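For reference, the structure is listed below as structure tokens.
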Amino acid sequence: MGIYVIRMPDIGEGIAEVELVAWHVQPGDVVAEDQPIADVMTDKATVEIPAHVPGKVLALGGAVGQVLAVGAELVRLEVEGEGNLKENSASALASQAPAAINSVANAPAAAAPAPAPAAAPAPAPAAPREAPAPAAGGARGAARTAPAAVARSAGERPLASPAVRRAAQERGIDLRYVHGSGPAGRISHEDLDAWAASAGQPAAQGRSQYVERHGEEQIPVIGLRRKIAQKMQEAKRRIPHFSYVEEIDVTELEALRQRLNQLHGATRGKLTLLPFLARAMVLALRDFPQINARYDDDAGVVTRYEAVHLGVATQTDGGLMVPVLRHAESLDLWQSAASIARVAEGARTGKAARDELSGSTITLTSLGALGGIASTPVINHPEVAIVGVNRMVERPMFQGGHVVARQLMNLSSSFDHRVVDGMDAARFIQAMRALLETPALLFVE
Amino acid sequence: MKELSTKLLVIGGGPGGYVAAIRAGQLGIPTVLVEGERLGGTCLTIGCIPSKALIHAAEVFEQARQHATGSPLGIRAGEPTLDLAQTVRWKDGIVQRLTGGVGGLLRKAGVQVLQGWAQIEDGKTVTVRGADGQAAQRVRCEHLLLATGSEPVALPSMPFGGAIWSSTDALSPDVLPRRLVVVGAGYIGLELGIAYRKLGVEVTVVEAAQRVLPSYDEELTQPVLESLKKSGVVLHLGCSVLGWDEQHGVHVRNARADEFALPADRVLVAVGRRPRTTGFGLESLQLDMTGRHVVIDAHCRTSMRGVWAIGDVTGEPMLAHRAMAQGECVAEQIAGHNRRFEPMAIPAVCFTDPEVVVVGKTPAEARAAGLECIDAAFPFAANGRAMTLEATGGFVRVVARKDNHLILGWQAVGRGVAELAAAFGQSIEMGARLEDVAHTIHAHPTLGEAVQEAALRALGQALHI
């Protein structure tokens with residue numbers, strides 16, 4: 001048996017480091033060749049890293065959320081044969097890894113992390129080190145796992161060693177509520193495990209909604225969420241946004257959409273409103289080149305594009321992503337619909353290629369049926385405009401002195417006021433409005 | 001202006017700041033550290049380390065002088081002389097090695113160090129101006145960590161400069177004054193005052209309170225007081241300082257309102273330190289403050305999201321090891337770990353002669369907290385190792401809860417007791433009871449036996465007294 005170290009491979013495009021966003025294996029698991037072991041995130045895309053040899057996982061190279069350099073130790077496997085790690089070099093290699101290696105009990109001693117505090121948190125609540133066996137219960141076991149009936153008195157600190165306190169912090173357990181079975185009520189690791197195994201809270205005994213609750217949970221902002229946070233913060237910090245909201249009568253458009261779906265839905269695919277909006281944007285942008293642009297404020301240059309690479313804000317399980325519909329100006333309605341579906345699916349499943357997640361020149365965002373009345377979309381930096389779609393509703397309108405029912409929908413758009421004037425923004429949205437309210441114009445060259 | 005973006009920006013390269021930066025770097029957090037002077041901050045450059053070096057040199061010189069006049073150990077030596085410039089060079093060499101070491105550790109952790117002075121623009125933006133006229137650069141960050149430390153407090157009537165020394169000046173003397181007046185009998189004033197006395201300087205200490213080391217309990221400071229008197233340090237307790245002039249020296253008023261002057265070549269003003277919160281734009285953040293220090297919570301968070309503060313700038317206790325622990329705590333939180341800064345006790349050591357160490361609660365503090373407690377002391381006069389070191393003054397004292405014998409605090413005074421701080425701190429952090437310490441075999445002959453004996457005595461089981 002030998003030890004095989006899988007290192008973070010070079011995934012190209014000049015990427016020097018990645019963030020660990022998911023582990024698909026845990027120490028002790030047996031993996032097959034090509035079995036996915038981890039997901040890592042580059043600037044935008046999530047990449048699955050497979051095992052290139054079969055073996056048993058001994059240690060992981062870091063915790064979810066940690067950044068690994070290309071070439072850093074990703075996973076350590078026990079394999080048949082010699083492996084690629086010599087025993088006497090094990091500790092040296094381990095020390096090169098940017099993170100402590102989470103080892104299992106049967107890992108070689110040399111691979112074990114040296115300082116306990118450096119042990120990275122397990123991606124999921126770790127199994128108790130010595131989970132109290134149910135059979136070991138009895139009166140004593142019950143007494144050991146019984147939670148403290150009430151918190152200790154104010155000011156009295158729970159008694160626990162630093163290691164136990166740190167473990168409690170990691171697991172989000174408030175030690176004031178944990179029963180200490182040791183001398184003078186000292187809380188041990190076993191007490192902590194027992195508390196966690198019993199799901200802790202005394203409140204669990206009664207499910208009244210009127211009891212005080214004191215739990216708090218800290219969620220690390222990592223992976224895609226971190227990227228989103230950084231991106232949004234950057235956009236809001238750098239770009240002086242202004243928003244413009246306009247009401248649009250989409251009765252004719254909706255009738256056309258439904259008619260086209262009846263006629264061609266089965267053969268060409270179903271149309272949503274988005275392809276129509278994309279078409280309207282493409283046409284309107286011909287007269288507003290300053291809006292289909294990216295602003296490099298460091299260099300002081302606005303780049304205007306003839307092509308419309310339309311970012312389509314897409315909700316995924318991990319959070320918001322913006323896949324790109326390339327050359328939207330060259331696509332008809334059904335091609336647009338199919339392309340939007342394809343890139344959105346790629347983003348949701350994490351299979352989108354990097355060039356499908358970058359390079360947009362303007363962005364379209366929609367909350368669909370939850371779209372509300374108005375919103376203040378955040379510009380997808382370094383673009384200069386974003387068009388948001390609000391919910392379509394049927395409302396009474398006056399037409400020729402009579403009240404008629406019409407389908408209305410608001411567009412809420414934001415612009416970078418450094419490069420887009422309010423008047424131009426209003427004219428652009430009015431141009432879109434004219435196209436959407438008289439949909440035949442969408443197809444007139 | 002050149003711009004730089006990072007995840008963590010640390011202002012201040014002292015023990016808090018550099019530890020935070022190293023830990024952050026180890027955790028893969030892009031980190032920039034800004035330091036205007038030397039890495040290591042007050043502790044390494046003008047505080048703990050150089051003062052302990054000077055104290056050690058003074059101690060060795062004092063011993064040599066004793067051997068010249070007849071020693072009970074049977075050692076006879078000639079009258080020693082002191083090459084002060086060499087002593088200062090030796091001290092500076094230690095500082096140099098340590099600050100250089102910090103620079104190396106930061107590099108190893110991948111931390112970018114900017115030499116210059118920080119000016120905060122907002123909670124995410126700091127401008128750094130090079131100390132030597134280098135172009136300024138703007139650093140944008142997600143997290144800003146304030147670790148700006150503290151500075152010595154001057155007396156309005158005696159600003160630092162010339163003959164009026166701050167503790168920094170006292171650590172790099174060009175010549176030894178014949179007469180030194182120390183204003184303030186806290187730990188800084190006494191540590192340096194005792195060292196200067198051992199170097200042969202006539203030392204007078206003026207203190208407004210009625211006793212030395214007023215923040216420690218009287219029983220603990222008694223051996224220090226006796227040592228001061230024995231060494232020839234003149235004390236003026238309960239006296240306030242009015243001013244200084246070159247002809248008469250330091251003008252003092254005692255508790256009976258009598259005024260007199262103390263002749264002095266140099267005056268060391270050591271009346272305390274205050275957090276460094278001005279001069280770098282901190283006020284623009286409008287953080288919650290208490291007095292002069294930044295208010296932080298148990299996570300070392302300030303009142304502004306993404307802005308953290310550690311160490312002396314957050315107030316008492318102003319101790320390097322507290323700042324270090326806080327720095328580590330902050331770095332790990334930024335890396336996504338759940339952490340709180342919640343030590344059971346922070347040890348405090350006073351390197352006077354004899355040394356004083358305090359960890360946890362004193363008997364008075366425990367009783368004030370409403371705890372029924374027992375305490376017991378074991379004197380070094382009954383400790384064999386202390387006798388062999390000619391250091392039988394002082395004692396170790398333990399404080400424990402009466403009901404369950406949980407140890408609440410340790411205090412010790414005596415030669416070398418600073419090293420006992422580790423055992424004291426560990427026993428409290430581990431939640432040890434008197435029995436745990438009493439039933440641990442302590443090596444013989446060591447000063448540590450007094451620790452075990454104090455615990456035994458609190459249990460009524462002392463063996464050697």
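The values are calculated or read from the model by the stated rules, or taken from the named source; none is laboratory data. Computed from a predicted structure; not experimentally measured. Cβ atoms come from the backbone with ideal geometry, glycine included; neighbour counts cover every protein chain shown.
Residue count for the stretch B:435-455 under the criterion of being in a helix (DSSP H, G or I), aliphatic (A, V, I, L, M) and in contact (Cβ under 8 Å) with a residue 24 or more places away in the chain: the result is 5. If you go through the stretch A:169-184 and pick out every residue that is at pLDDT 85 or above, at the interface with another protein chain (Cβ under 9 Å from one of its Cβ atoms) and in contact with an Asp or Glu (Cβ under 8 Å, 6 or more places away or on another chain), you end up with 2.
Evaluating residue B:81 against the criteria (1) surrounded by fewer than 17 Cβ atoms within 10 Å (Cβ to Cβ); (2) within 14 Å of chain A (Cβ to nearest Cβ) leaves one unmet condition, (2).
Out of all the residues in the stretch B:389-434, which are part of a loop (DSSP other than H, G, I, E, B) and closer than 20 Å to residue A:181 by Cβ?
Just the residues of the stretch B:389-434 that are part of a loop (DSSP other than H, G, I, E, B), to begin with: B:389-394, B:402-405, B:415-416, B:430-432.
The answer is B:403, B:404, B:405, B:430, B:431, B:432.
Take residue A:425 and decide whether it is under 30 Å from residue A:234 (Cα atoms), more than 28 Å from the chain's Cα centre (by Cα) and buried (at least 22 other Cβ atoms within 10 Å of the Cβ). Spelling it out, residue A:425 is indeed under 30 Å from residue A:234 (Cα atoms), more than 28 Å from the chain's Cα centre (by Cα) and buried (at least 22 other Cβ atoms within 10 Å of the Cβ). Considering only the stretch B:33-51, I want to know if a residue exists there that is modelled with pLDDT of 95 or more, touching a strand residue (DSSP E or B) at 6+ places or on another chain (Cβ under 6 Å) and either farther than 19 Å from residue B:194 by Cα or surrounded by fewer than 24 Cβ atoms within 10 Å (Cβ to Cβ) (or both). Within the stretch B:33-51, one or more residues are modelled with pLDDT of 95 or more, touching a strand residue (DSSP E or B) at 6+ places or on another chain (Cβ under 6 Å) and either farther than 19 Å from residue B:194 by Cα or surrounded by fewer than 24 Cβ atoms within 10 Å (Cβ to Cβ) (or both). Where strands (runs of 3 or more DSSP E) sit wholly within the stretch A:18-75, those with at least 1 residues that are closer than 22 Å to residue B:334 by Cα and not assigned by the TED database to the domain that holds residue A:358 occupy A:36-41, A:55-60, A:67-69.
One line per residue, one yes/no per condition, for (1) surrounded by fewer than 23 Cβ atoms within 10 Å (Cβ to Cβ); (2) of a type in the set (Ser, Thr, Tyr); (3) within 14 Å of chain A (Cβ to nearest Cβ):
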| position | (1), (2), (3) |
| --- | --- |
| B:349 | yes, no, no |
| B:379 | yes, no, no |
| B:392 | yes, yes, no |
| B:403 | yes, no, yes |
| B:421 | yes, no, no |
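Every residue, every condition in (1) closer than 28 Å to residue A:216 by Cα; (2) in contact (Cβ under 8 Å) with a residue 40 or more places away in the chain, yes or no:
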residue: B:288; (1), (2): yes, no
residue: B:306; (1), (2): yes, yes
residue: B:314; (1), (2): yes, no
residue: B:332; (1), (2): yes, yes
residue: B:337; (1), (2): yes, no
residue: B:343; (1), (2): yes, yes
residue: B:351; (1), (2): no, yes
residue: B:355; (1), (2): no, yes
residue: B:362; (1), (2): no, yes
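Among B:46, B:75, B:29, which is the only one that is at negative phi and under 27 Å from the mean Cα position of the chain (by Cα)? It is B:46. Checking B:356, B:267 one by one, the residue that is more than 14 Å from every other protein chain (Cβ to nearest Cβ), touching a Cys at 6+ places or on another chain (Cβ under 8 Å), under 30 Å from residue B:203 (Cα atoms) and not in a helix (DSSP H, G or I) is B:356 and no other.
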